[in-house]
Amino acid sequence: MELYRILIGKPGLDGHDRGAKFIARALRDAGFEVIYTGIRRTPDEIAASAVQEDVAAVGLSSMSGAHARLFPAVLEALDKAGAKDIPVLGGGIIPAEDIPRLKKAGISSVFTPGTPVDTIINAFREACCQHHQQRC
Amino acid sequence: MQPAQLLEQLLERLHRGDSRSVARAISLVEDQTELGPAIMQGLDQQRLDTALTVGITGPPGAGKSTLTSALVHHLREQGLRVGIIAVDPSSSLTQGALLGDRIRMMDHALDRDVVVRSMATRGRLGGVCASAGAAMRIMAASGCRIILIETVGIGQSEMDIASLADITLLVLAPGFGDDIQAMKAGILEVVDLLVINKADMPGSRKLLLDLGRETANSDRVLETVASERQGTETLLERILAFETELRQEEEFKQRRQRSLNKETVDWSIELIRARLTDLVDNEFLTGLDQDPRAAAEQVLSDVLRNSLTFQR
Ligand SMILES: Nc1nc2c(ncn2[C@@H]2O[C@H](COP(=O)(O)OP(=O)(O)O)[C@@H](O)[C@H]2O)c(=O)[nH]1
Ligand SMILES: [Mg+2]
């Protein structure tokens, strides 16, 4: 089985990383190599780290409502870093009406507190698999 | 693009220090893809020769990542490009890993001349030695003057990883590494420098004394408060002075050669494992002894004999 590397980042100013850590551990237990960058990261820091770690996907967590601005900002930062191809998934306390806008901006999957862990894991696996297929 | 073109482009960008290419090259080697060996053979040998690799090992929580970040700070003040490889164990059950050393190094996240790579052991020690060795060389070829490699643990196997480096450093702290007692007599025979970190914490003095008078009084033992960057500049000076010393005495080359030999053995084991499994599982070899040890001797002699005749 192929090993996938992913980066879990937490943009924004809130310090609640329980959700991010929970997902990071769940993904590790599902067989991913998970790089965790800690709380309060800027979009540029997340993008630069994703590039250096050559991850197949980035997962973002937001609990404070910062997703609307910061998730798309991470996509922009990745684009600027020449890594537009890395898929970005996001989760946290995200109102249903925001989801279509995030997806339209390019976030490939959006998870809310009600999403089953297996769904999240499968979404990451899918995204990584696609990314690996196009990499040289 | 054709593979040959792709390879050429990757190597060209890697030598210019392009982050993405450096990172991708490491992955292609780590994942044992077909391009891997060609990448390694295309690296600028002169840069590999001038680079210094430093292994930093010690128990979890002793402050290795914080210390690494402090060393990077001082190295950047001198304008030197730095590489960091942070190795953490994979779960033997799920193959997964949680790699969190980066958290302590985020001060440098936007600095293009600080190349950080987190790496999981992927279950096989030979494997990680091989991958970490390759990553060191790729970073060196990309222009890193110094490469720091952080590994957890104080056991023999972790020492193995650190011994890939030109200079090794053991980090202990009060409450972290008391179990090192067992090997205290020989610490300075195994590592070049011993760092007692968290010198701001009670128990630091005692830890030093517990290591025995000879060790405690050695000029190869330093105290630091990595989180405050206290003593870390001195530590860097010592590392660089030690490098100069080694390079003057030819010992540098000998150490390099020893590491390369070790990596060669690790790679050989890595490569032969799959072939052996194939041979034994598929019963290509008949008449094997029922005793595994004896059977193994038979298998090995067969494999070696065959490859020798194959060569001729
Ligand atoms: N008091 C004190 N804490 C430190 C020092 N160096 C590191 N730490 C803290 O020790 C903890 C573990 O550090 P880390 O660098 O992650 O250790 P590692 O597991 O060896 O890489 C962190 O909370 C650091 O902030 C130090 O010199 N003094
Ligand atoms: Mg660490």
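The values are calculated or read from the model by the stated rules, or taken from the named source; none is laboratory data. Since the structure is predicted, the reported quantities are computational estimates derived from the model, not experimental observations. Counting neighbours? That spans all protein chains shown, and the Cβs are built from the backbone with ideal geometry, glycine included. Each accessible area value is taken on the protein alone, full model and side chains, heavy atoms only, with ligands, DNA and RNA left out. Shrake-Rupley method; radii C 1.70, N 1.55, O 1.52, S 1.80 Å.
Things to note:
- The condition of being surrounded by fewer than 16 Cβ atoms within 10 Å (Cβ to Cβ) and out of contact with any Pro (no Cβ under 6 Å at 6 or more places or on another chain) does not hold for B:Thr57.
- Close pairs (6 angstrom Cβ cut-off, 6 or more residues apart or separate chains): assigned to a strand (DSSP E or B) in the range B:196-213, among the β-branched types (Val, Ile, Thr) and near ligand 1 (Cβ under 9 Å from one of its atoms) anywhere: none
- Taken over the range B:75-106, the criterion of being outside any helix (DSSP H, G or I), in contact (Cβ under 8 Å) with a residue 40 or more places away in the chain and under 22 Å from B:Arg137 (Cβ atoms) is satisfied by B:Leu80, B:Arg81, B:Val82, B:Gly83, B:Ile84, B:Ile85, B:Ala86, B:Val87, B:Asp88.
- Subset of the range B:1-49 [among the acidic types (Asp, Glu), over 16 Å from A:Asp54 (Cα atoms) and in a helix (DSSP H, G or I)]: B:Glu8, B:Glu12, B:Asp49
- The single condition from (1) open to solvent by less than 30 Å² (accessible area, probe 1.4 Å); (2) out of contact with any His (no Cβ under 8 Å at 6 or more places or on another chain) that A:Ile94 fails is (2).
- The C-beta contact set for the range B:10-34 (first residue within 15 Å of B:Val82 (Cα to Cα) and more than 9 Å from chain A (Cβ to nearest Cβ), second residue open to solvent by less than 20 Å² (accessible area, probe 1.4 Å) and part of a helix (DSSP H, G or I), distance under 7 angstrom, 6+ apart or interchain) comprises B:Leu14/B:Ser21; B:Leu14/B:Val22; B:Leu14/B:Ala25; B:Leu14/B:Ile138; B:Leu14/B:Ala141; B:His15/B:Ala141.
- Residues of the range B:214-229 satisfying the condition of being more than 17 Å from B:Ile56 (Cβ to Cβ), open to solvent by 50 Å² or more (accessible area, probe 1.4 Å) and not in a helix (DSSP H, G or I): B:Asn217, B:Asp219
- Residues in the range B:60-82 that are more than 11 Å from B:Glu233 (Cα to Cα), within 13 Å of ligand 2 (Cβ to nearest atom) and either of a type in the set (A, V, I, L, M, F, W, C) or touching a strand residue (DSSP E or B) at 6+ places or on another chain (Cβ under 8 Å) (or both): B:Pro60, B:Gly61, B:Ala62, B:Gly63, B:Lys64, B:Ser65, B:Thr68.
- Here is the figure for the range A:66-82: residues that are within 14 Å of another protein chain (Cβ to nearest Cβ), open to solvent by less than 50 Å² (accessible area, probe 1.4 Å) and either under 14 Å from A:Ala105 (Cβ atoms) or under 14 Å from the mean Cα position of the chain (by Cα) (or both) total 3.
- Residue that is farthest from A:Glu45 (Cα to Cα), among those in the range B:109-123 that are open to solvent by less than 20 Å² (accessible area, probe 1.4 Å) and more than 7 Å from every other protein chain (Cβ to nearest Cβ): B:Met119
- Pairing residues of the range A:47-64 that are facing another protein chain (nearest Cβ under 7 Å) and without any contact (Cβ under 8 Å) to a residue 40 or more places away in the chain with residues that are open to solvent by less than 10 Å² (accessible area, probe 1.4 Å) and assigned to a helix (DSSP H, G or I), at Cβ distances under 7 Å and at least 6 apart in sequence or on separate chains, gives A:Val51/B:Ala23; A:Gln52/B:Ala23.
- Number of positions in the range A:83-98 that are acidic (Asp, Glu) and at positive phi: 0
- Tally, over the range A:102-111, of residues that are surrounded by 14 or more Cβ atoms within 10 Å (Cβ to Cβ) and either basic (Lys, Arg) or modelled with pLDDT under 95 (or both): 0
- The sole residue among A:Leu13, A:Leu70, A:Leu27 that is within 23 Å of A:Gln133 (Cβ to Cβ) and of a type outside the set (D, E, K, R) is A:Leu27.
- Flag for B:Arg293 being under 30 Å from B:Ile196 (Cβ atoms) and basic (Lys, Arg): no
- If you go through the range A:13-50 and pick out every residue that is modelled with pLDDT of 95 or more, assigned to a helix (DSSP H, G or I) and open to solvent by less than 10 Å² (accessible area, probe 1.4 Å), you end up with 6.
- Condition met for B:Ala241 (at pLDDT 95 or above and exposed (fewer than 14 other Cβ atoms within 10 Å of the Cβ)): yes
- Looking across B:Gln2, B:Gln46, one residue alone is free of Cβ contacts under 8 Å to residues at least 40 places away in the same chain and closer than 24 Å to B:Leu240 by Cβ. It is B:Gln46.
- Residue in the range B:38-52 that is open to solvent by less than 40 Å² (accessible area, probe 1.4 Å), touching a Pro at 6+ places or on another chain (Cβ under 9 Å) and more than 19 Å from B:Met105 (Cβ to Cβ) present: yes
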